[in-house]
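Student: Take this structure first; my questions come after.
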Amino acid sequence: MLLRGHVFKTRTHNKMSLSIQYVRGLFQSRNGNIERMVEHVADSEYYSKQHFISESPWDARTCFDTVALDTNEVFKSFDQVALLIDESSHLKKGDYSVGVSRQYCGTIGKVDNCQVAVYAGLSAAHYYGLIDTALYLPESWTANRKRCKAAGVPKEQYKHKTKVELAVDIVRHQLELGTHFDFVGADGLYCNSKMFRDELDDMELLFVLDVHSDQQVYTSAPSLYLPEKQGSSGRNPTRYKTEDKTAEVKDLCPAKGSKKWEEIRLRKTGQDDLVCLGFVKKVYLWDGESGHYEERLLIIRATKTKSGNLEYKYALSNAADGEFEVEELVRMQSQRYFIERSFQDAKQEAGMSDYQVRGWLAWHHHMVLVMMALHFILSEKVLFKNEYPLLSAYDIRDIMIRVYAKENHSAQNVMEQIRKRHEQRRLEELKKDSS
């Protein structure tokens, strides 16, 4: 079982029972804030649960690692396990929630007040689960130590890191932890970073990273040279040049109906097989100044939409030419879809974005308990994959609600809940007035 007592121990207490109540609350309540949880989980109490999340010093890092290793155990009999990296955002009002800033919010597709974090998940076949995260702190936070201190940000986190740097830290930590995965998948933000690609190469990790359709590549190895020095004074040129031209990856697609495409049956869906077309071509990347270029494989996947048109996805891989069949590479590229499914399940069925906490400690406590809820969903899906192959996160949550629903819904009990709710709001207003 994931909810082991030792991971919730503090110096003086064991918070196991509160962790179980919290995870049950994530399933049973309409959203993941503590007020609603208490109304739906039997024998739970607001202040003890609030203290458990916001102040109790149980170690979130240990819990994240437990989630990673237990999820890894679920996937031990699967082929081609992917470590998937992506960021997700959470809309938040005000200025005091840790990391909140006006920044691009993928949830709504525009700039707004939100928190953003980089997440990692494991996935194989059509199963998936989140295992780690790193909260992104904009420079407006890391440049203001007083603000960081007020939110409980550890001093070692005061240095600003980009989302790509956070992703590298996550991948490296999972390697050190011993998490098994066969390749790394991520979107164009990460593939666009030469540093990210180089770091994965240095860690000797296979990657399949999505790119945008206008990604520039060379179709043959570029001829690089240093320009001749101009005049007798000045420095010798250090920036390489080439006369070779690039092409956008979308222009390298074979024509519709071309024999260069390979038909691939990716996986079963709710109604039928998901069929696509695949194409792989060797290409080259160059950073525009160094004397070295990268040899990569361009993977193109074409899937028919409901309207009958083809939708194209593009990815780059550091796999050696001929190391994998086209079908294998296309399957790896398609696996990135399941990090999006992870976010969908986490937000809709496990209250991922519904928290009402502000501090660093509370944010990480909430997120790891959400991941534990997702791990339970994953475990149930795999356990019952033969009897119920279409079992969903919604189904499992529905079972949790029906089995563990709070029974006492008398008029007196409902009015008592409302009274407690109003008292809590009154206290929050008093706190705002005093500050």
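Student: Taking only Cα atoms and a 10 Å spring cutoff, compute GNM fluctuations for the chain and point out the largest among Ile131, Ile108, Ile20.
Tutor: Largest GNM mean-square fluctuation: Ile108.
Student: Under the Kirkwood approximation for Rh and a Cα-based Rg, what ratio Rg/Rh is obtained for the chain?
Tutor: Rg divided by Rh gives 1.03.
Student: Take each of the peptides 152-163, 66-77, average the number of other beta-carbon atoms within 10 Å over its residues, and list them starting from the highest.
Tutor: Final packing ranking: 66-77, 152-163.
Student: If you don't mind, another one. For the chain, what does the helix formula give at 222 nm: sum of -39500 (n - 2.57) over DSSP H segments with n ≥ 4, over the residue count, nearest 500 deg cm²/dmol?
Tutor: -11500 deg cm²/dmol
Student: Still on this model: Students often forget the sequence filter, so: which lysines lie under 16 Å Cα-Cα from Lys256 once same-chain residues fewer than 8 apart are removed?
Tutor: Lys304, Lys313
Student: Could you work out what % of the accessible surface of the range 279-340 is carbon and sulfur, using a 1.4 angstrom probe and leaving DNA, RNA and ligands out of the count?
Tutor: Reported share for carbon and sulfur atoms: 41 percent.
Student: What is the distance, in nm, between label points placed 7 Å from the Cα along the Cα-to-Cβ direction at Asp201 and at Glu289?
Tutor: 1.7
Student: Probe of 1.4 angstrom, ligands and nucleic acids ignored: what's the accessible area per residue over the chain, in square angstrom?
Tutor: Numbers: 22970 Å² over 435 residues.
Ligands and nucleic acids excluded, the result is 53 Å² per residue.
Student: Mean-square fluctuation check for the chain, GNM, Cα pairs under 10 Å: which of Ser223, Ser140, Ser88 is largest?
Tutor: So, out of Ser223, Ser140, Ser88, the one fluctuating most is Ser223.
Student: Using the Cα atoms of the range 252-319, I'd like the radius of gyration and the largest Cα-Cα distance, Dmax, both in angstrom.
Tutor: Answer for the range 252-319, Rg first and Dmax second: 15.2, 51 Å.
Student: Which loop-located trypsin sites (Lys or Arg not before Pro) does the range 292-325 contain, where loop means any DSSP state but H, G, I, E or B and the Cβ has at most 16 other Cβ atoms within 10 Å?
Tutor: Hits after loop and neighbour filter: Lys306.
Student: Leaving out ligands, DNA and RNA, and with a 1.4 Å probe, what % of the accessible surface on the range 1-153 is carbon or sulfur?
Tutor: 51
Student: Provide the gained length on full extension for the span Asp244 to Ile108, in nm with one decimal, where the gain is 0.36 nm per separating residue minus the Cα-Cα distance.
Tutor: Stretched fully, the Asp244-Ile108 segment lengthens by 44.9 nm.
Student: Going by average Cβ neighbours within 10 Å, how do the peptides 381-388, 208-215 rank, with the highest at the top?
Tutor: 208-215, 381-388
Student: Quick one: which of 118-125, 340-347 comes out on top by average Cβ neighbours within 10 Å, and what's the full order, highest first?
Tutor: 118-125, 340-347
Student: Evaluate E = 1/(1 + (r/R0)^6) for Asp273 and Asp182, where r is the Cβ-Cβ distance and R0 equals 25 Å; express this FRET efficiency to the nearest 0.05.
Tutor: 0.60
Student: Also, I was wondering about something else. Taking a ≥ b ≥ c as the square roots of the Cα gyration tensor eigenvalues, with a/c under 1.5 meaning rounded and otherwise prolate when a/b beats b/c, else oblate, which class fits the range 127-239?
Tutor: oblate
Student: Another question about this same structure. Work out, step by step, the length gained on full extension between Leu310 and Ala42: first 0.36 nm times the residue separation, then minus their alpha carbon distance; give nm to one decimal.
Tutor: Length difference between fully extended and current span is 91.4 nm.
Student: All other residues with a Cβ under 11 Å from the Cβ of Ser140 taken together, and with Lys, Arg as +1 and Asp, Glu as -1, what is their net charge? Don't skip to the answer; put the middle values down first.
Tutor: Values: positive: Arg102, Arg147; negative: Asp95, Glu139.
Net charge around Ser140: 0.
The values are calculated or read from the model by the stated rules, or taken from the named source; none is laboratory data. No experiment lies behind these values; they were computed from the predicted model shown. Every residue, glycine as well, gets a Cβ built from its backbone with ideal geometry; the counts of neighbours run over all protein chains shown. Note: accessible area is taken over every heavy atom of the protein model, side chains too, but ligands, DNA and RNA are not part of it. Shrake-Rupley method; radii C 1.70, N 1.55, O 1.52, S 1.80 Å.
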